[in-house]
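Structure, as structure tokens:
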Amino acid sequence: MQRLLLKLRSSYPSTGLHSSTLGAVLAIGLVALLLTPCLTRAQRPQTRRPPVGQEPEKKDDGKVPNEKELEKAKKQEEAKKLSPAEAAIELTIIAYGGRKQLGITRAAFQETGTIRLATDQGDLNGDYLLRSIRKDKSSLDLLRVDLNLSPSDSGQSQNQNAPGIKYVIGYNGASVWSAQNGQYVNPRSGADVAFRGQLTHEYMTLLRYKEDGSKLEYGGLETVVGVDTFVIDLTTAEGEKTRYWLSTKTYRVLHCEYELKLVEGQPATKYRIDYYYTPFSIAVVQNTLFPVRREMKQDGKFVQEIKLTNIQCSAKLDPEIFQHLQEQ
């Protein structure tokens, strides 16, 4: 990671792109009704301090399930005698469009938008492109992120001659590779762990818990800034753990928290991602729901915001783009 950090600094010497920001780049993740009886019996809501992804301000008008449809689905799930955690997540899967439709739309998709990265010298802004092809398990999905970064307007006076950074990082199903300004660079183990973290910790990992063979544990109810939430702990087959908070009204994933040990012998890095679903006109694609804004904190500090402007599902993606530095 230090080698990659030095390369970034040498090409962009005055932006103050420190290791915390680099970790954010590498980890880009790189998301309504009555409670079910089995959930309401568990415990009373508790008050919790961190902020949470906001609920939509207007009534949903897309083609994902509405309140009446979720009510019907809730009753059907109750009849299956699921555990509290399974009941919550099965309704969450329905709220996002259903397991079958999610499998179709997420088979190959791409997201485009903007990204903002926090640095000691000011923010870096740029264009963001994520492309993904689904495999049998979340941890094996093909993934590629392209960034085109430049200093924010507030930093232009100090960085007028600073060149832009074109950064690419991808996972080809076996290993992570990266390139900067058209030249391959070798990411070290910390970069590999951070980038692959989004395959095993973000909201879609929760929705694919059955396919992945992950275990769920119900953590009770919490009220977070006035929003009642279910707390769900997920442990993957490989032992990686993530905690999720779901709205008890909409069954949407509002945020998640997890830890990654990027460097042996060093303390684990704590990540938190908040998910937002407005504007709703962008969030619903082919009858499935996407979070259209994501904010990441690293050890409690803001490091990254992604805003999507376009989402293409069932996209025609050449598998070669996940293997090599090619544009198409």
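Looking only at the range 179-221, residues that are over 16 Å from GLU238 (Cα atoms), polar (S, T, N, Q) and modelled with pLDDT of 95 or more come to 0 in all. Taken as a whole, the structure leaves ILE93 outside the set of residues that are more than 18 Å from GLN286 (Cβ to Cβ), β-branched (Val, Ile, Thr) and modelled with pLDDT of 95 or more. Quick one: which residue in THR235, THR248 is hydroxyl-bearing (Ser, Thr, Tyr), crowded, with 17+ Cβ neighbours inside 10 Å and closer than 20 Å to LEU91 by Cα? Residue meeting the stated conditions: THR248. Somewhere in the range 276-285, is a residue under 18 Å from the mean Cα position of the chain (by Cα), on the phi > 0 side of the Ramachandran plot and not polar (S, T, N, Q)? No, because not a single residue in the range 276-285 is under 18 Å from the mean Cα position of the chain (by Cα), on the phi > 0 side of the Ramachandran plot and not polar (S, T, N, Q).
Between LEU325, LEU234, which is closer than 25 Å to ASN125 by Cα and either among the hydrophobic types (A, V, I, L, M, F, W, C) or assigned to a loop (DSSP other than H, G, I, E, B) (or both)? Lay out the reasoning, then the answer.
Details: LEU234 fails: closer than 25 Å to ASN125 by Cα.
When all the criteria are applied, what remains is LEU325.
Here the condition is being among the hydrophobic types (A, V, I, L, M, F, W, C) and surrounded by fewer than 22 Cβ atoms within 10 Å (Cβ to Cβ); of ALA108, ALA95, it holds for ALA108 alone. Residues of the range 269-286 that are surrounded by 15 or more Cβ atoms within 10 Å (Cβ to Cβ) and out of contact with any Ser or Thr (no Cβ under 8 Å at 6 or more places or on another chain): THR269, TYR271, ARG272, ILE273, ASP274, TYR275, TYR276, TYR277, THR278, PHE280, ALA283, VAL284.
Residues that are on the phi < 0 side of the Ramachandran plot, among the charged types (D, E, K, R) and surrounded by fewer than 16 Cβ atoms within 10 Å (Cβ to Cβ) within the range 294-328 comprise LYS301, LYS307, LYS316, ASP318, GLU320, GLU327, listed in sequence order.
For the structure I just gave you, tell me whether PRO291 is out of contact with any Leu (no Cβ under 6 Å at 6 or more places or on another chain) and surrounded by 16 or more Cβ atoms within 10 Å (Cβ to Cβ). Yes; evaluated as a whole, the condition is true for this residue.
The values are calculated or read from the model by the stated rules, or taken from the named source; none is laboratory data. This structure is a prediction, so every number in the text was calculated from the model and none was measured. In this analysis, Cβ positions are derived from the backbone assuming ideal geometry, glycine residues included, and neighbour counts consider all displayed protein chains.
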